[in-house]
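Remarks on the structure that follows.
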Amino acid sequence: MDKRELAEFLRRRRETLRPRDVGLVEGPRRRTQGLRREEVAQLAGMSTDYYARLEQQRAPQPSVQITTALARALRLTLDERDHLFVLIGHNAPARFHRSEHVSPTLMRVLDRLDDSPALVTTDLVDTLAMNPLAVALLGDQTRHTGLARSGYYRWFMDPAERLVYPEETHESHGRAQAARLRAALTAGSDTPRAARILAELQEHSPEFVRMWELREVARYGDCKTLLHPELGRIDVDAQLLYTENRAQTLVVLTTRPGTESHSKLELLSVIGQQQLTP
């Protein structure tokens, strides 16, 4: 049981909730940011004193039943719930199985996509396969080796990784990367490798450390604009298709017909990786 991390995680999650999020009335003179400790305790069916001691790092290990109740009271996602279980010292549900071999189902879909950029990634954002249009839009992401295969690692360690995204989205995208790494660290397909990535980033990236200390889990960003070096901004919608065990994800990027972004993607599908200017 990691008492310090657990205390910080509970406090952060409690502060993100408002009474209306959990069906409680918010009074006019309320001063507390987020939920009060007694409100979380009430929702979880435990004593306020015991919950307070959890945040003060003084409580004994909660049971599986109490851990489940806490996850429900704090409205945790599945990724956040698994993280809570690990912090408390219980086994989280095994939802991932690592494989370098692209799922045949996803590969069949990828092979049939020729008018939309598409790629297959793992939960550590290792890119396993890309169609030609995805390579033309994003560059060849399958060429990386070592820890740099992970998109989480590259975001904080390789400045070139950020050239694809508008600068005003870098903060939210970085937070999403840190949050998803936290989920992969406790319930991912390769937790030892996730731990190595974490250690490297904590040592070499102050920006990552700042975002990691927010203790967010699987907070997905909303980066819907990509930057092409010659065509400029392209607005896309991302559609995700998971394997049954959620170890791999097919990401399909689409644009709205009739828009400038759609025209740019059509042009890119014709020219591929050719340069538009000398």
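Between the Cα long axis of helix 260-271 and the first principal axis of the chain there is an angle of about 50°, rounded to the nearest 10. With only Cα atoms counted, region 127-254 has Rg and Dmax values of 14.5, 40 Å.
Helix 78-88 and the longest principal axis of the Cα set of the chain meet at an angle near 50°.
Taking label points 7 Å from Cα along the Cα-to-Cβ direction, T48 and D114 give a separation of 6.7 nm. Using only the alpha carbon atoms of region 1-145, find the Kirkwood hydrodynamic radius as the inverse mean reciprocal pair distance, in angstroms to one decimal. One decimal place: 18.4 Å for the Kirkwood radius.
For region 171-218, divide the Cα radius of gyration by the Kirkwood radius and give the resulting Rg/Rh value with two decimals.
On the way: Rg = 9.9 Å, Rh = 10.5 Å.
The Rg/Rh ratio comes out at 0.94.
The base-10 log of I(q)/I(0) for the chain, evaluated at q = 0.10 Å⁻¹, reads -0.62 [Debye formula, identical scatterers on Cα atoms, solvent excluded].
Projecting the alpha carbon convex hull of region 106-199 along each direction and taking the average yields 6.5 nm².
Once the C-beta distance of Q61 and E244 is scaled by a Förster radius of 30 Å, the resulting FRET efficiency is 0.35 to the nearest 0.05.
Take each peptide in 154-161, 127-134, count the other Cβ atoms within 10 Å of every residue, and average; sorted highest first, the result is 127-134, 154-161.
Taking T121, T259, T225 in turn, the Gaussian network model of the chain (Cα-Cα springs below 10 Å) assigns the largest fluctuation to T259.
Based on C-alpha pairs under 8 angstrom that are at least 6 apart in sequence, region 223-273 has a relative contact order of 28 percent. Computed from Cα positions, the angle between helix 170-187 and the longest principal axis of the chain comes to roughly 60 degrees.
Peptides 109-118, 17-26, 187-196, 171-180, ordered by how many other C-beta atoms sit within 10 Å of their residues on average, highest first, read 171-180, 187-196, 109-118, 17-26. Here the chain has 49 percent of its accessible surface on carbon and sulfur atoms, given a 1.4 Å probe and all protein chains in place.
Over the chain, with the other protein chains present, what is the accessible area per residue in square angstrom, probe 1.4 angstrom?
Details: 14400 Å² over 278 residues.
The answer is 52 Å² per residue.
The values are calculated or read from the model by the stated rules, or taken from the named source; none is laboratory data. Fair warning: this is a prediction, and the values are worked out from it, not measured in the lab. Glycine also receives a Cβ, built like all others from the backbone with ideal geometry; neighbour counts cover every protein chain displayed. Calculation scope for accessible area: heavy atoms of the full protein, side chains included, ligands and nucleic acids excluded. Shrake-Rupley method; radii C 1.70, N 1.55, O 1.52, S 1.80 Å.
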